[in-house]
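Chemist: Below is the structure I would like to discuss, written out as structure tokens.
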Amino acid sequence: MFDPALYFLNLYSIPTFLIAALSFCLGMAILLRERGSREGFLFFLSSLAISIWLFSFSWMYCSTNEGVALSWAKAGYLGVPFIPSLVYYFTV
């Protein structure tokens, strides 16, 4: 799965990876700005779930092997149920 020969640069993966990185940076900025608050921590967790989901799909787009792409998709979909639940707890 971590063999560099199984991947190539795909143009579809670049925006997905950039949005994942920006989502993580936004969550970290809010976590540092709102230290100790429950809302800041929940926002960080929701942005972390979104960034992990997008990060794994950016690697899925780059893979050349079907098995590797399927494992990245499985890893990405493991975090999908956390997104609506964390957004719900953040808004409540």
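Chemist: Place a +1 charge on the Cβ of each Lys and Arg in the chain and a -1 charge on the Cβ of each Asp and Glu, then give the dipole magnitude about the Cα centre in debye, rounded to the nearest 20.
Modeler: About 240 debye.
Chemist: Just flag the trypsin sites (Lys or Arg not before Pro) in the range 12-81 sitting in loop per DSSP whose Cβ has no more than 12 other Cβ atoms within 10 Å.
Modeler: 35
Chemist: Something else: Return the calculated 222 nm mean residue ellipticity for the chain, to the nearest 500 deg cm²/dmol, obtained by summing -39500 (n - 2.57) across DSSP H runs with n ≥ 4 and dividing by the residue count.
Modeler: One gets -25000 deg cm²/dmol as the mean residue ellipticity at 222 nm.
Chemist: Next question, about the same structure. Residues of the range 26-53 with the amide nitrogen closer than 18 Å to a label point 7 Å from the Cα of residue 92, along Cα-to-Cβ, please.
Modeler: From the range 26-53, the list is 38-47.
Chemist: By how many nm would the segment from residue 65 to residue 33 grow when fully extended, if each residue of separation counts as 0.36 nm and the alpha-carbon distance is taken off?
Modeler: Fully extending the segment from residue 65 to residue 33 adds 7.4 nm.
Chemist: With every protein chain kept in place and ligands, DNA and RNA left out, what is the accessible area per residue of the chain? Probe 1.4 Å, answer in Å².
Modeler: With the other protein chains kept in place, the chain gives 68 Å² per residue.
Chemist: Using a 1.4 angstrom probe on heavy atoms only, work out the carbon and sulfur share of the accessible area of the chain in %.
Modeler: Carbon and sulfur together cover 74 percent of it.
Chemist: What is the set of long-range amide H partners of residue 7 at a cut-off below 5 Å, with H atoms built 1.01 Å from backbone N?
Modeler: Under 5 Å from the amide H of residue 7: 64.
Chemist: A follow-up question, please. From the phi angles alone, apply the Karplus equation (6.51, -1.76, 1.60; θ = phi - 60°) to the range 10-19 and give each ³J(HN,Hα) in whole Hz, x where the residue is Gly or Pro.
Modeler: Result, ordered by residue: 10, 5, 6, 7, 5, x, 5, 5, 5, 5 Hz.
Chemist: Once the Cα atoms of the chain are picked out, what are the Rg and Dmax in Å?
Modeler: That works out to 14.8, 46 Å for Rg and Dmax.
Chemist: If exposed chymotrypsin sites (Phe, Trp or Tyr not before Pro) are those in a DSSP loop with at most 13 other Cβ within 10 Å, what is the longest stretch of the chain that has none?
Modeler: It works out to 13-92.
Chemist: While we're here: So what is the diffusion coefficient of the range 4-58 in µm² per second by Stokes-Einstein at 37 °C and 0.692 mPa s, using a Kirkwood Rh over Cα pairs?
Modeler: D, rounded to a whole number, is 275 µm²/s.
Chemist: A further question follows. Taking 0.36 nm per residue of separation and subtracting the Cα-Cα distance, what length does fully extending residue 85 through residue 41 add?
Modeler: 14.4 nm
Chemist: Sticking with this structure for a sec: Once the dipole of the chain is set up with Lys and Arg at +1 and Asp and Glu at -1 on Cβ about the Cα centre, which of 91, 44, 77 lies farthest towards its positive end?
Modeler: Farthest along the dipole direction, towards plus: 91.
The values are calculated or read from the model by the stated rules, or taken from the named source; none is laboratory data. Because the structure is a prediction, the values reported are computed rather than measured. Cβ coordinates were reconstructed from backbone atoms using ideal geometry, including for glycine residues, and neighbour counts include every protein chain displayed. We work out accessible area using only protein heavy atoms, side chains counted, and drop any ligands, DNA or RNA first. Shrake-Rupley method; radii C 1.70, N 1.55, O 1.52, S 1.80 Å.
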